[in-house]
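Novice: Shown below is the structure under consideration.
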Amino acid sequence: MVATPIGNAADITLRALDTLRRADAIACEDTRVTAKLMGIHGIHTPFVSYHEHNAAKMRPVLIGRMKAGESIALVTDAGTPLVSDPGYKLVRECVAEGVAVTTLPGASAPLVALVLSGLPTDRFLFAGFLPNKSSARRATAGELKNVPATLVFFESPQRLPESLADLADILGAREAAVARELTKLYEEVRRGTLPELAAHYAEAGPPKGEVVLVIGPPGEEATPSEADVDALLREALTRLSVRDAAADVAARTGQNKRTVYARALELSREGKP
């Protein structure tokens, strides 16, 4: 397994380049994507397509070639193979068949985002992609709410505003970071509480580029600011009455019920839920 860059083509190790040149074949998700990287580095090793749709068919083929003495380099479109990719089944079957397996470490978007987030790194959980639907996202957030670790997710930029609103609703005012376009020209890391980030992207709209979301562990919640409370109230008012929205937000933030209710009335009258 050979890690490849997540954006900047120069982020590849000397050992990886040597291995890719010497391999009998490179197994890759999308030959077009891999061809661009190999072209930059002057590598002409033949490609073999290996992805989630043909993996069951191709695993015996690849294992057969390796048993015959060939070396196969497995890459993903970007980053470290097996991280949110189908490669683990190939590794498992290689082990079962007595085929030697090793990995050449390198770039990994979850680790890059974690390092840049400014959040605790001593214990973290990478949980892959958030579910597409709001109900499933909220259920996932509920399941992970008490995990004593920083949480790392992949997310579609188009779903980010809605996902942040769901996460703020379930996890409260935890510190978080949205990292996008990592290692690329327009790399950006936006930090704040979940309600602040939800409010920002609700107004600004979905960002461009690939996104990694990092959320601080339990106990890292900041005292909710007025902006946090307003963001939570606006979201709650889209689905609840003024009274119920105020009660819901007061319970989740620990704020005074009367104060929150008064603010909910103001927002409702302003017509900005």
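The values are calculated or read from the model by the stated rules, or taken from the named source; none is laboratory data. Keep in mind that this is a model prediction, so the values were computed, not measured. Counting neighbours? That spans all protein chains shown, and the Cβs are built from the backbone with ideal geometry, glycine included. These area figures cover heavy atoms from the full protein model, side chains too; ligands, DNA and RNA do not enter into them. Shrake-Rupley method; radii C 1.70, N 1.55, O 1.52, S 1.80 Å.
Novice: I'd like the residue in segment 1-50 that is of a type in the set (D, E, K, R) and in contact with a Ser or Thr (Cβ under 9 Å, 6 or more places away or on another chain) and, out of all such residues, is farthest from Ala100 (Cα to Cα).
Specialist: Asp11
Novice: Here's another thing I want to ask about it. For segment 125-140, give me the residue count where each residue is under 23 Å from Ala109 (Cα atoms) and not in a helix (DSSP H, G or I).
Specialist: 8
Novice: Sort out for me the strands (runs of 3 or more DSSP E) sitting completely within segment 141-212 that have 3 or more residues that are surrounded by fewer than 20 Cβ atoms within 10 Å (Cβ to Cβ).
Specialist: 188-193
Novice: Here's something else I'd like to know. Only one residue in Thr13, Thr4 is within 15 Å of Pro105 (Cβ to Cβ), in contact with a strand residue (DSSP E or B) (Cβ under 8 Å, 6 or more places away or on another chain) and open to solvent by 40 Å² or more (accessible area, probe 1.4 Å), so which one is that?
Specialist: Being within 15 Å of Pro105 (Cβ to Cβ), in contact with a strand residue (DSSP E or B) (Cβ under 8 Å, 6 or more places away or on another chain) and open to solvent by 40 Å² or more (accessible area, probe 1.4 Å) holds for just one of Thr13, Thr4, which is Thr13.
For (1) open to solvent by less than 20 Å² (accessible area, probe 1.4 Å); (2) under 23 Å from Ser134 (Cα atoms); (3) modelled with pLDDT under 90, each residue gets a yes or a no:
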residue: Thr223; (1), (2), (3): no, no, yes
residue: Asp228; (1), (2), (3): yes, yes, yes
residue: Leu232; (1), (2), (3): yes, yes, yes
residue: Glu235; (1), (2), (3): no, yes, yes
residue: Gly254; (1), (2), (3): no, no, yes
residue: Tyr261; (1), (2), (3): no, no, no
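Novice: Then there is this: Run down Pro46, Pro86 and say which single residue is open to solvent by 30 Å² or more (accessible area, probe 1.4 Å) and under 19 Å from Gly128 (Cα atoms). So that I can check it myself, show each step before the final result.
Specialist: On the way: Pro46 fails: under 19 Å from Gly128 (Cα atoms).
Every option except Pro86 fails the conditions.
Novice: Something else: If I ask for residues that are open to solvent by 40 Å² or more (accessible area, probe 1.4 Å) and either within 19 Å of Leu104 (Cα to Cα) or over 26 Å from the mean Cα position of the chain (by Cα) (or both), which ones from segment 17-34 would you list?
Specialist: We begin by selecting, within segment 17-34, every residue open to solvent by 40 Å² or more (accessible area, probe 1.4 Å); these are 18-19, 21-22, 24, 29, 31-33.
Within segment 17-34, Asp18, Thr19, Arg21, Arg22, Asp24, Glu29 meet the criteria.
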